[in-house]
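Read the figures in this text as sums done on the coordinates, not as results from a lab. Everything quoted here is computed from the prediction, not taken from an experiment. Positions of Cβ are generated from backbone atoms using ideal geometry, with glycine treated the same way; all protein chains shown enter the neighbour counts.
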Amino acid sequence: MRRCVIIIITVLALFDFQRLPAQRWLPASPWHVRTNLVHDVLLVPNLGVEYELSDRWTVVADASVAWWVSDRRQRRWGMMTGEVELRRWLGWRMMPPYNDGGHHLGFYGALYRYDLAWGGTGRQGDLNYGAGISYGYAISLSGRLSLDLSIGIGYLGGRYVKYEADDNRYVKVAEGMNHYFGPTKLEATLVWHLSRQFGRW
C-alpha cells in the first residue's frame, strides 16, 4: 500500500512539474499591439491589436492605409484594408505563448480597397472582400516583443475596373469581378505586449 501511494505521489509530482512551470512571464494586460513587417516593406503602413478572449482564444484586428500617387503618366500605389481574425492557440495554455513560442490556427475576414497602376494602365477595386483560414507560429524575442509568422489561404472577390491614362484623363477600358482562391495572407508581424509582470500561472 505504501509503495502504491509513493508511486501515485511521484507521478502527480512529475505531471505537475511538466505542466505547471514554477514561474513564467505573464501579461498584465490582455492587449497586444501589432504591425506587419511585410506590409511595411511594401510601403503600406499598418497597425493592429490582439485581444485575449481566454487562455486559448484571441481576436485580432488589423488595418492598413497607403495612397501614394505620382501623376503625369501615373504611378499609383493605393490600398486600404481592414481584417479581423479569430485565433485558436494550440497546446496546453499556449496563450499567451510569447515566451516559448506557440502554434495557432485562425479564420479571418477582410475588406479591401485598392488602386494599383504602373505606367499607363491601372486596376481599381472599390470594395472587395475576402475570407480564409490561417496557420501561424509566434516566436519570443524578449519579454515585451515577439514575432508572429502567419500564412493564409482563402477567397477574394469583388468588382474591379481597369483603366488607362490618356493625357490628363483616366479612361475605363474594362470591368469585371474578381474570383480568386489561393494564398491571401502573409505576415511577419512584430507584436508588442503592453505590460508584463513576473509571477506564477
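At-a-glance table
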read-out: Net charge, Leu105 excluded, C-beta distance under 11 Å - Lys, Arg +1, Asp, Glu -1; value: +2
read-out: Radius 15 Å from Cβ of Thr184, net charge of other residues (Lys, Arg +1; Asp, Glu -1); value: -3
read-out: Förster radius 41 Å - calculated FRET efficiency between Arg123 and Asp55, Cβ distance, rounded to 0.05; value: 0.40
read-out: Mean Cβ neighbour count within 10 Å, used as a protection proxy, ranking 140-146, 82-88 highest first; value: 82-88, 140-146
read-out: Cβ-defined net charge surrounding Ala63, 15 Å radius [Lys, Arg +1; Asp, Glu -1]; value: -3
read-out: For the range 98-159, average projected area of the Cα convex hull in nm²; value: 6.0 nm²
read-out: Under Karplus coefficients 6.51, -1.76 and 1.60, residue-wise ³J(HN,Hα) of the range 113-118 in Hz, glycine/proline x; value: 9, 8, 8, 10, 8, 8
